[in-house]
Amino acid sequence: MSVIEIRDLHVSVETDQGTKPILKGVNLTINTGETHAIMGPNGSGKSTLAYTIAGHPKYTVDSGSITLDGEDVLSMTVDERARAGLFLAMQYPVEIPGVTVTNFLRTAKTAIDGEAPGIRGWMKDVKGAMENLRMDSSFAARNVNEGFSGGEKKRNEILQLELLKPTFAVLDETDSGLDVDALRVVSEGVNRAKENTGLGVLLITHYTRILRYIKPDFVHVFVNGRVAEEGGPELADRLEEEGYDRFLTETAVS
Ligand code: ADP
Ligand code: MG
Ligand code: MG
């Protein structure tokens, strides 16, 4: 069993107008086998949290800590974090011109495992994972995310998840832009990883729709750079009915 612990995390970003504080004291504990949903309005800092866990250089940690089984994640490079078992599915996956999906996956797998995967088994795994995600085999030879539709980019993120087998996955709005069929396929991929590897999931979403397919154990409402309320799955139902107004009003008053 593994655990990620985020303690009193404060993060800022450099903008043209100067330093802007975004995360203002985030506390979160995620064990393997658990799914935590983070829900919150746009601009509340959800992606900033995802990028900070992954090690994006644009975000400065001003104070607080992130540990993985007691190890200091913040002192690890991006590569070291991936090798330690952390995975980020980005809200806006980036294009990688000149690098095919196949080569990208193989390079990533080799970097994470410390050795190249056996070619035959690997080809079979890639083919199987692409079939699971209803991705046409022609995607293997295309450059990563180049000309991919929004839904195809999200499937490609989950393809990486299936093949790289991380310990923890941060899924940043993986549901956005997906039609119902694609949402089901992508959710099944996440659920397979949960069942097969005991994946711990931090599922960032604006909408409750994906939570019908990927069942959260805990729901955290994220407002203005911190967790404003926590609960079980029933909290998501309440948000579905009430929206975020209650929290935004409280923020404005305080
Ligand atoms: P969310 O994912 O909840 O919509 P973000 O983490 O993307 O929120 O953004 C939180 C706030 O930080 C927003 O006001 C956003 O404009 C700002 N922000 C995030 N990243 C940057 C950046 N790289 N440069 C400038 N502002 C940023
Ligand atoms: Mg946003
Ligand atoms: Mg975001």
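The values are calculated or read from the model by the stated rules, or taken from the named source; none is laboratory data. Owing to the predicted nature of the structure, the values given are computational and were not obtained by experimental measurement. FYI the Cβ positions are ideal-geometry reconstructions off the backbone, even for glycines, and counts take in every protein chain you see.
Condition check ((1) surrounded by fewer than 17 Cβ atoms within 10 Å (Cβ to Cβ); (2) at pLDDT 90 or above; (3) of a type in the set (Lys, Arg); (4) touching a strand residue (DSSP E or B) at 6+ places or on another chain (Cβ under 8 Å)) across all residues:
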{"site": "PHE168", "(1), (2), (3), (4)": "no, yes, no, yes"}
{"site": "ALA182", "(1), (2), (3), (4)": "no, yes, no, no"}
{"site": "GLU188", "(1), (2), (3), (4)": "yes, yes, no, no"}
{"site": "LYS194", "(1), (2), (3), (4)": "no, yes, yes, yes"}
{"site": "LEU248", "(1), (2), (3), (4)": "yes, no, no, yes"}
Of SER176, SER149, SER187, SER137, which residue is farther than 27 Å from HIS56 by Cα and of a type in the set (S, T, N, Q)? SER137
Take the residues in segment 18-42 that are closer than 16 Å to HIS220 by Cα and modelled with pLDDT under 95, then tell me which one is nearest to ligand 3 (Cβ to nearest atom). ASN42
How many residues are within 16 Å of ligand 2 (Cβ to nearest atom) and within 15 Å of the chain's Cα centre (by Cα) if we restrict to segment 172-192? 5
Is segment 112-119 home to any residue that is among the hydrophobic types (A, V, I, L, M, F, W, C) and surrounded by 15 or more Cβ atoms within 10 Å (Cβ to Cβ)? yes
Scan of segment 43-67 for residues that are away from ligand 3 (no atom under 13 Å from the Cβ) and among the polar types (S, T, N, Q), ordered by number: THR60, SER63, SER65, THR67
More than 19 Å from the chain's Cα centre (by Cα), more than 16 Å from ligand 2 (Cβ to nearest atom) and not in a loop (DSSP other than H, G, I, E, B): which single residue out of GLU195, GLU240, GLU146 fits that description? GLU240
Please enumerate the residues belonging to segment 88-110 that are away from ligand 1 (no atom under 16 Å from the Cβ) and of a type in the set (Val, Ile, Thr). ILE96, VAL99, THR100, VAL101, THR102, THR107, THR110
Looking only at residues in segment 14-47 that are within 16 Å of ligand 2 (Cβ to nearest atom), of a type in the set (Ser, Thr, Tyr) and touching a residue at least 60 places away in the same chain (Cβ under 8 Å), which one is nearest to ASN191 (Cα to Cα)? SER47
Starting from residues that are under 21 Å from LEU49 (Cα atoms) and in contact with a Gly (Cβ under 8 Å, 6 or more places away or on another chain), keep the ones in segment 158-176 and report whichever is nearest to ligand 3 (Cβ to nearest atom). SER176
Looking at segment 74-83, can you tell me whether even one residue there is of a type in the set (Gly, Ala, Ser), away from ligand 2 (no atom under 16 Å from the Cβ) and surrounded by 13 or more Cβ atoms within 10 Å (Cβ to Cβ)? yes
Tell me, please, whether a residue that is surrounded by 18 or more Cβ atoms within 10 Å (Cβ to Cβ) and either of a type in the set (Val, Ile, Thr) or touching a His at 6+ places or on another chain (Cβ under 7 Å) (or both) can be found in segment 145-160. yes
Of the candidates ASP62, ASP69, the one satisfying the condition of being over 21 Å from HIS206 (Cα atoms) and either touching a residue at least 60 places away in the same chain (Cβ under 8 Å) or within 16 Å of ligand 2 (Cβ to nearest atom) (or both) is ASP69
Can you tell me which of ILE210, ILE214 is away from ligand 1 (no atom under 16 Å from the Cβ), buried (at least 19 other Cβ atoms within 10 Å of the Cβ) and under 22 Å from ILE53 (Cβ atoms)? ILE214
Name the single residue that is nearest to ligand 1 (Cβ to nearest atom) among those in segment 32-87 being part of a strand (DSSP E or B) and β-branched (Val, Ile, Thr). ILE38
